[in-house]
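**Q** Shown below is the structure under consideration.
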Amino acid sequence: MHAWPASEVPVLPGKGRDLRIHDTATDGLITLDPGPVARIYVCGITPYDATHMGHAATYNAFDLVQRVWLDTKRQVHYVQNVTDVDDPLLERAARDDIDWVALAEKETALFREDMTALRMLPPRHYIGAVEAIPGIVPLVERLLASGAAYELEGDIYFSVEADPDFGKVSRLDAATMRLLSAERGGDPDRTGKKNPLDPMLWMAAREGEPSWDGGSLGRGRPGWHIECVAIALDHLGMGFDVQGGGSDLAFPHHEMGASHAQALTGEFPMAKAYVHAGMVALHGEKMSKSKGNLVFVSRLRRDGVDPAAIRLALLAHHYRADWEWTDQVLQDAVDRLGRWRAAVSRPDGPSAEALVEEIREALAHDLDAPTALTAVDRWAALQEERGGTDEGAPGIVSRAVDALLGVAL
């Protein structure tokens with residue numbers, strides 16, 4: 001599966017700062033020191049509907065992580081998956097009486113278009129669940145052979161008790177885990193499981209549903225969590241720097257994925273930092289495909305909204321915050337974009353060197369984009385009030401905003 005084209009990232013003078021970011025597993029800020037190549041895995045979409053603002057906010061957060069790393073002169077090895085076979089996709093295809101493969105391909109293509117328009121840096125490896133199946137099957141077989149997995153009526157389940165570190169990602173109690181498991185794709189009430197929280201690794205073939213050769217597992221399809229584990233281990237290895245996604249993925253998805261990987265390798269942890277973006281609401285409720293309360297990136301683009309304004313609307317909120325999308329949020333972003341473009345269109349202006357360092361400092365401290373935006377606002381206001389004599393300043397500001405915030409002025 002191919003990703004989307006990369007926009008050029010300007011190289012700024014000097015060097016950025018190491019990223020200090022919130023880690024869900026420790027519930028605190030940690031300083032990441034990735035070495036010359038930073039490794040990040042971000043969970044991708046299940047392509048049964050278009051990209052909404054909640055998706056965009058999540059991918060924007062991890063785009064900032066990459067930009068901070070690039071500014072420190074590191075390379076970035078970024079991997080993202082596409083869950084291109086799963087119950088929601090099959091259910092939507094059946095509802096609309098269309099082929100599930102065609103639906104997945106259509107929505108994945110639209111996602112690529114949205115990411116390109118928003119100037120999100122593409123992953124080096126963009127892997128679909130279906131194409132990962134040949135790598136998933138041997139992992140499930142290994143877990144079975146080690147006793148970390150078991151068979152139940154043809155399905156294969158992972159035993160959470162096989163990982164002594166289970167629970168260290170989300171830090172939730174058992175009752176909360178069980179509740180969230182039921183809400184987020186698990187089956188805690190299935191009779192015969194060793195532990196209600198045990199997640200499915202391999203689903204035996206069901207009549208009328210797609211299935212693949214699973215070797216000794218029989219025909220079927222993979223569970224959700226093992227998909228990401230197989231892709232991450234194959235392309236990044238254990239102990240990569242950041243596992244990212246929305247806050248609703250901390251449990252069960254990232255918790256289970258970590259336990260799968262740790263049981264497979266005997267190593268801990270799977271990722272040095274588990275980083276989660278907040279949820280975006282509309283009319284008082286979290287945007288979700290199941291509720292249908294969505295604002296789509298593609299629809300805003302069709303309505304003539306500049307993608308740079310959409311990105312500024314996202315950047316105006318701290319990535320870990322839960323916030324609500326409103327018409328005013330978008331209008332504020334449109335107005336801000338206009339002020340910034342007017343400010344950098346002049347031939348000279350106030351010195352920009354201090355501004356670049358302010359943006360770097362803000363982003364290095366847990367991706368504090370709102371503070372970075374305020375710093376640019378101050379420079380733009382000063383430019384409007386009295387200008388300056390530094391002929392290179394507007395160009396420096398324009399390149400810094402592009403390189404660090406992903407906004408083309």
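The values are calculated or read from the model by the stated rules, or taken from the named source; none is laboratory data. Please read these numbers as outputs of a predicted model, since none were measured by experiment. All Cβ positions, glycine included, derive from the backbone under ideal geometry; neighbour counts span all protein chains shown. Quick note on the areas: whole protein, heavy atoms, side chains included, nothing else; ligands and nucleic acids left out. Shrake-Rupley method; radii C 1.70, N 1.55, O 1.52, S 1.80 Å.
**Q** Roughly how many debye, to the nearest 20, is the charge dipole of region 119-258 about its Cα centre, given +1 on each Lys and Arg Cβ, -1 on each Asp and Glu Cβ, and no other charges?
**A** Values: 13 positive and 21 negative charges, 54 e Å.
Roughly 260 debye for region 119-258.
**Q** May I pose another question? Can you give the charge dipole size of region 1-85 about its Cα centre, rounded to the nearest 20 debye, using +1 on the beta carbon of Lys and Arg and -1 on the beta carbon of Asp and Glu?
**A** It comes to approximately 360 debye.
**Q** Whole number in Å², please: accessible area per residue of the chain, 1.4 Å probe, ligands, DNA and RNA not counted.
**A** The answer is 41 Å² per residue.
**Q** Viscosity 0.890 mPa s, temperature 25 °C: what is the translational diffusion coefficient of region 204-310 from Stokes-Einstein with a Kirkwood Rh over Cα pairs, rounded to a whole number of µm²/s?
**A** 145
**Q** Further question: What's the percent breakdown of Cα-Cα distances in region 1-105 across 10 Å bins, shortest bin first?
**A** 12, 34, 29, 17, 7, 0
**Q** Going highest first, how would you order 60-70, 98-108 by mean Cβ packing within 10 Å?
**A** 60-70, 98-108
**Q** Among [x] 57, 52, 42; [y] 75, 45, 36; [z] 68, 44, 43, which one is Cα extents along the principal axes in Å computed from these coordinates?
**A** The value matching this structure is [y].
**Q** List the aspartates and glutamates whose Cα sits under 12 Å from the Cα of LYS73, skipping any in the same chain fewer than 8 residues away.
**A** Candidates past the 8-residue exclusion: ASP18.
**Q** Here's another thing I want to ask about it. Set the Förster radius R0 to 25 Å, insert the Cβ-Cβ distance between LEU179 and GLU151 as r into 1/(1 + (r/R0)^6), and round the FRET efficiency to 0.05.
**A** It comes to 0.40.
**Q** Turning to a different aspect of this structure: Using +1 at the C-beta of Lys and Arg and -1 at the C-beta of Asp and Glu, which of TYR78, MET1, PRO13 has the Cα lying farthest in the positive direction of the dipole of region 1-86?
**A** PRO13
**Q** Leaving out ligands, DNA and RNA, and with a 1.4 Å probe, what % of the accessible surface on the chain is carbon or sulfur?
**A** 50
**Q** Taking the Cα centre of the chain as the origin and placing charges on Cβ (Lys, Arg +1; Asp, Glu -1), which of PRO210, SER288, TRP379 is farthest toward the positive end of the dipole?
**A** The residue sitting most towards the positive pole is TRP379.
**Q** With charges set only on the Cβ (+1 for Lys and Arg, -1 for Asp and Glu), what does the dipole of region 365-409 come to about its Cα centre, in debye to the nearest 20? Please list the in-between numbers first.
**A** Values: 3 positive and 8 negative charges, 11 e Å.
The calculation lands at about 60 debye.
**Q** Follow-up question, since we're still on this one. Counting Lys +1, Arg +1, Asp -1, Glu -1, what net charge surrounds THR72 among other residues with beta carbon under 9 Å of its beta carbon?
**A** Counting the neighbours of THR72, the net charge comes to +2.
**Q** While we're here: Which residue, LEU337, LEU300, LEU355, has the most motion in a Gaussian network model of the chain that connects Cα atoms within less than 10 Å?
**A** LEU300
**Q** While we're looking at this one, here's another question. With unit charges on the beta carbons (Lys and Arg positive, Asp and Glu negative) and the dipole taken about the Cα centre of region 180-326, which residue among LEU315, HIS235, MET256 sits farthest to the positive side?
**A** Checked the options; the winner is LEU315.
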